[in-house]
Amino acid sequence: MGTVHARSMDSFPMSGRDLGVHPDDVDVMEAGQETKQEILENKDVVVQHVNISGLGRTKEDYLGFEISDVFTARNLVEVMRKSHEARQKLLHLGIFKDVEVVIDISEGADALPNGLDVTFDVTELKRLTGSYNTMVGNNEGSMVLGIKLPNMCGRGERLTFQFSYGTKETSYGFSFFKPQPGYYQRNFTLNLYKVTGQFPWSSLRETDRGVSTELNFPLWRTDHTLKWEGVWRELGCLARSASFAVREESGHTLKSALSHTMAVDTRNSSILPRRGALLRISQELAGYTGGDASFLKEDFEVQLNKPFLWGSVLSASLWGGMLFPIGGQTTSIADRFYLGGPTSVRGFGMYSIGPQSEGDFLGGGAYWAGGLHLYTPLPFRSTRGGLADLFRTHFFLNAGNLCNLNYGEGPRAHLQKLAECIRWSYGAGIILRLGNIARLELNYCIPMGVQSGDRICDGVQFGAGIRFL
Amino acid sequence: MSLAAEAFVSQIAAAEPWPESATLYQPLKEDQILLSDSASSLAVQTFLRMCGLPIQVTCRPNAEYMSPSGKVPFIHVGNQVVSELGPIVQFAKAKGNSLSDGLDDVQRAEMKAYMELVNNMLLTAELYIQWCDDSTASEISRPRYSSPYAWPLNHVLSYQKQWEVRKKMNAIGWAGKNLEQVYEDVSQCCQALSQRLGTQPYFFNKQPTELDALVFGHLFTILTTQLASDDLAEKVKAFSNLLSFCHRIEQTYFKEHDRESSGSSRHSKGSLP
């Protein structure tokens with residue numbers, strides 16, 4: 001038996017976000033392999049040695065868990081599959097540029113007749129890598145310069161420095177990332193950052209300087225994030241003409257908050273999913289660990305996607321959140337919720353729904369928003385794949401409300417308040433998917449239920465962002 | 001005041017009358033405000049009282065950051081916000097309230113020169129003592145300035161402020177001075193003011209002007225504020241006509257006003273020694 005290069009087995013799915021394969025394409029693989037399996041399945045083999053060659057600064061013990069599964073393979077197909085899985089795991093660690101798998105018959109004194117040796121030939125990333133990219137966030141573009149030290153101490157540690165110069169904000173951040181050896185999904189992150197943002201809908205400028213530590217871990221089928229954040233926030237007016245209500249919020253505050261996020265994501269893609277559901281629940285408790293902002297904030301997001309007729313997808317989503325002030329304090333404008341714009345309730349101006357003063361939106365203590373979408377592929381497209389695959393047309397119906405609640409009243413009164421003066425809109429548009437992280441939308445919107453003070457965008461509205469209702 | 005700001009103030013002050021709800025914002029009176037801000041605030045209040053314009057005083061811990069110029073005090077009148085004495089005088093004038101209309105050009109130039117003297121000498125000396133004298137800075141200025149903030153922001157902000165003031169002192173050449181030299185400057189400034197005042201009731205005889213408001217604001221605050229040492233107040237006390245000037249303005253514009261309107265909202269004023 002000769003040498004089998006597993007590198008060409010690319011018909012196996014690659015999972016993980018940074019590998020550049022669209023999870024959309026996952027379901028094409030199974031067909032071609034049935035025949036090969038019949039022949040090779042019965043040949044018993046024993047994996048005797050698993051080697052990793054090409055290691056420089058990476059500590060060998062860090063990789064043990066990723067490759068140990070290969071030993072359990074009992075026949076050739078299994079060996080190939082497990083090796084391929086191990087290769088994916090190794091690539092997923094983000095410390096190797098390339099991993100090649102070589103499967104060969106065992107040689108040497110202790111070699112068994114049906115023994116196999118598996119060798120992973122890895123190429124490590126450079127000690128220092130730089131990157132330059134442009135980013136699209138929620139209605140804002142920025143240029144990001146980054147310096148990264150991957151695998152700093154040989155066990156997957158990563159130190160990142162980012163400097164971003166944007167159309168509206170300039171910011172920088174240091175980040176240190178450390179995964180648990182053998183359990184990449186369980187990891188720890190430490191961040192130091194300064195972020196400056198301008199929010200013209202509130203005539204507000206905010207500069208945040210902060211420290212945060214984050215613990216990520218999967219639990220059963222859910223992903224959890226525990227986070228502590230200490231942030232010094234400096235608020236100021238964008239212009240002399242800012243409303244007095246915003247002027248009153250100016251100055252320095254210190255927020256120290258513990259937060260927990262739980263997410264279950266079974267979608268096949270985060271931008272234009274065809275099936276699957278997302279549930280994300282997060283809560284933030286500020287003030288308990290110091291600082292001068294005290295509140296409890298609850299937020300949730302649900303999204304369901306179902307394939308519909310002729311390749312179209314039916315999608316429904318619901319967002320909601322509440323902010324409870326603690327200890328009789330009023331909440332800061334920087335902590336409240338905002339709603340409206342091309343990424344949430346379409347047909348309204350960016351964050352231009354709800355309480356306002358002299359044209360400056362002040363945000364609210366409670367909100368909900370729901371959306372119903374029908375995504376269809378572009379008409380008249382010739383073949384699957386190609387440029388047309390990045391586009392979708394969609395028809396949507398959005399609704400939502402944002403208001404302040406009087407917490408002395410009961411839940412009935414709250415629900416009633418949230419059901420009053422509902423803003424909604426409907427329309428249609430074209431979506432362009434940018435990689436697997438962002439999307440652009442060009443919509444024709446018809447806003448309804450407009451309340452006095454709301455800023456609307458009747459007609460064509462353009463939006464770019466990473467999170468969509 | 002810059003030309004642009006002057007134009008802006010006169011432009012925004014439309015012909016609307018002075019509203020009853022006009023409010024002056026300053027830092028917290030008991031725990032936070034410092035000598036220099038307190039003096040500036042009292043000067044503005046005195047000016048508005050001399051004009052007969054009602055104002056409510058509101059204390060806010062973030063008054064400094066609410067102010068469009070970053071300096072206290074500022075007033076919120078109608079939907080306009082104006083900070084510091086100079087622009088406020090212009091603003092009141094645009095609304096038809098002026099104290100210096102009766103002066104001729106020479107007198108007006110003289111008044112402006114004396115106001116500059118007070119700002120350059122007294123105000124700078126106050127800032128110097130607050131932030132550059134180590135014992136005053138550590139015992140009074142930093143704890144008071146940072147009182148509304150949580151740890152560790154209180155230290156960050158108070159040192160940041162101290163650094164800013166020291167940088168300014170460097171720029172104007174005061175950094176090399178010692179405390180004695182600063183007291184001497186204050187003394188000289190008071191000497192000049194005392195000579196100009198002479199035996200008149202106000203700097204320009206019978207009629208009070210914004211200069212009177214400014215001088216009263218600073219001298220009265222210096223006399224009534226407890227600092228690390230009494231040296232600064234002693235320098236002012238050496239000039240008896242300035243003392244009686246302070247007493248007179250206090251009697252006329254604060255005591256009598258309060259007696260008249262004892263039932264209504266209590267207007268804030270500097271406390272007596």
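Any residue in the range A:350-357 that is of a type in the set (S, T, N, Q) and out of contact with any helix residue (DSSP H, G or I) (no Cβ under 8 Å at 6 or more places or on another chain)? Checked the range A:350-357: at least one residue is of a type in the set (S, T, N, Q) and out of contact with any helix residue (DSSP H, G or I) (no Cβ under 8 Å at 6 or more places or on another chain). Pairs are defined by a Cβ separation below 6 Å, a sequence spacing of at least 6 or placement on different chains, a first member in the range B:79-99 that is closer than 16 Å to B:SER40 by Cα and within 14 Å of chain A (Cβ to nearest Cβ), and a second member that is open to solvent by less than 20 Å² (accessible area, probe 1.4 Å) and not in a helix (DSSP H, G or I); the pairs so defined are B:VAL82/B:ILE75; B:SER83/B:SER67; B:SER83/B:PHE74.
Conditions (1) out of contact with any Gly (no Cβ under 9 Å at 6 or more places or on another chain); (2) open to solvent by less than 50 Å² (accessible area, probe 1.4 Å); (3) assigned by TED's automatic domain parsing to the domain that holds B:ALA228, marked per residue:
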residue	(1), (2), (3)
B:GLN45	no, yes, no
B:ARG49	yes, yes, no
B:LEU53	yes, yes, no
B:VAL57	yes, yes, no
B:ILE75	yes, yes, no
B:SER100	yes, yes, no
B:THR124	yes, yes, yes
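Examine the range A:400-419 for a residue that is in a strand (DSSP E or B) and of a type in the set (A, V, I, L, M), and state whether such a residue exists.
Looking for residues that are in a strand (DSSP E or B) and of a type in the set (A, V, I, L, M), one finds at least one in the range A:400-419, hence yes.
For the range B:59-68, the candidate set comprises residues that are open to solvent by 40 Å² or more (accessible area, probe 1.4 Å) and in contact with a Pro (Cβ under 8 Å, 6 or more places away or on another chain); within that set, the residue that is farthest from the other protein chains (Cβ to nearest Cβ) is B:CYS59. When you check A:GLY327 against the structure, is it among the small types (Gly, Ala, Ser), in the same structural domain as A:THR207 (by TED's automatic domain parsing), open to solvent by 10 Å² or more (accessible area, probe 1.4 Å) and farther than 25 Å from A:ARG455 by Cα, yes or no? Against the criterion (among the small types (Gly, Ala, Ser), in the same structural domain as A:THR207 (by TED's automatic domain parsing), open to solvent by 10 Å² or more (accessible area, probe 1.4 Å) and farther than 25 Å from A:ARG455 by Cα), A:GLY327 qualifies. Using the structure shown, decide if A:ASP110 is among the charged types (D, E, K, R), touching a residue at least 40 places away in the same chain (Cβ under 8 Å) and surrounded by 14 or more Cβ atoms within 10 Å (Cβ to Cβ). Considered against the rule, which asks whether it is among the charged types (D, E, K, R), touching a residue at least 40 places away in the same chain (Cβ under 8 Å) and surrounded by 14 or more Cβ atoms within 10 Å (Cβ to Cβ), A:ASP110 comes out as no.
Quick grid of which residues meet (1) closer than 30 Å to B:GLN26 by Cα; (2) of a type in the set (S, T, N, Q); (3) not assigned by TED's automatic domain parsing to the domain that holds A:GLY341:
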| position | (1), (2), (3) |
| --- | --- |
| A:TRP201 | yes, no, no |
| A:TRP220 | no, no, no |
| A:GLU229 | no, no, no |
| A:ALA245 | yes, no, no |
| A:THR261 | no, yes, no |
| A:LEU278 | no, no, no |
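Contact annotation: residue pairs with Cβ atoms under 7 Å, 6 or more positions apart or on different chains, pairing a residue in the range A:234-247 that is more than 7 Å from every other protein chain (Cβ to nearest Cβ) with a partner that is open to solvent by 40 Å² or more (accessible area, probe 1.4 Å) and of a type in the set (Asp, Glu), are A:LEU235/A:GLU249; A:SER243/A:GLU358. When the range A:305-361 is limited to residues that are within 14 Å of chain B (Cβ to nearest Cβ) and part of a strand (DSSP E or B), the one that is farthest from A:SER270 (Cα to Cα) turns out to be A:SER357.
So, B:ALA63, is that one farther than 23 Å from B:THR252 by Cα and in the same structural domain as B:GLN191 (by TED's automatic domain parsing) or not? No, not satisfied.
Among the residues that make up the range B:50-71, is at least one of them assigned to a helix (DSSP H, G or I) and either modelled with pLDDT under 90 or over 30 Å from B:ARG142 (Cα atoms) (or both)? Checked against the condition, which is being assigned to a helix (DSSP H, G or I) and either modelled with pLDDT under 90 or over 30 Å from B:ARG142 (Cα atoms) (or both), the range B:50-71 yields at least one hit.
Specify which of the listed residues (A:ALA464, A:ALA428, A:ALA438, A:ALA419) is under 20 Å from A:SER317 (Cβ atoms) and free of Cβ contacts under 8 Å to residues at least 24 places away in the same chain.
Working: A:ALA464 fails: free of Cβ contacts under 8 Å to residues at least 24 places away in the same chain; A:ALA428 fails: free of Cβ contacts under 8 Å to residues at least 24 places away in the same chain; A:ALA438 fails: free of Cβ contacts under 8 Å to residues at least 24 places away in the same chain.
Just a single option satisfies the conditions, and that option is A:ALA419.
Pairs linking a residue in the range A:310-323 that is free of Cβ contacts under 8 Å to residues at least 60 places away in the same chain to a residue that is assigned to a helix (DSSP H, G or I), with Cβ atoms under 9 Å and 6 or more positions apart or on different chains, are A:GLY320/A:LEU418. Scan the range B:126-151 for residues that are open to solvent by 50 Å² or more (accessible area, probe 1.4 Å) and within 14 Å of another protein chain (Cβ to nearest Cβ) and the total you get is 2. State yes or no: is B:GLN195 free of Cβ contacts under 8 Å to residues at least 24 places away in the same chain and within 16 Å of B:GLU110 (Cβ to Cβ)? Yes, satisfied. Listed by position, the helices (runs of 4 or more DSSP H) contained in the range B:81-157 that have at least 2 residues being among the polar types (S, T, N, Q) are B:124-132.
None of A:PHE337, A:PHE308, A:PHE300 is over 21 Å from the mean Cα position of the chain (by Cα) and either closer than 14 Å to A:ASN401 by Cβ or not acidic (Asp, Glu) (or both) except A:PHE308. Here A:ILE105 clears all of (1) open to solvent by 50 Å² or more (accessible area, probe 1.4 Å); (2) within 12 Å of A:VAL47 (Cβ to Cβ); (3) out of contact with any Leu (no Cβ under 7 Å at 6 or more places or on another chain) except the condition numbered (3).
The values are calculated or read from the model by the stated rules, or taken from the named source; none is laboratory data. The structure displayed is predicted, hence computed values, not measured ones. Cβ atoms come from the backbone with ideal geometry, glycine included; neighbour counts cover every protein chain shown. Side chains are part of the model used for accessible areas, which takes the heavy atoms of the whole protein and leaves out ligands, DNA and RNA. Shrake-Rupley method; radii C 1.70, N 1.55, O 1.52, S 1.80 Å.
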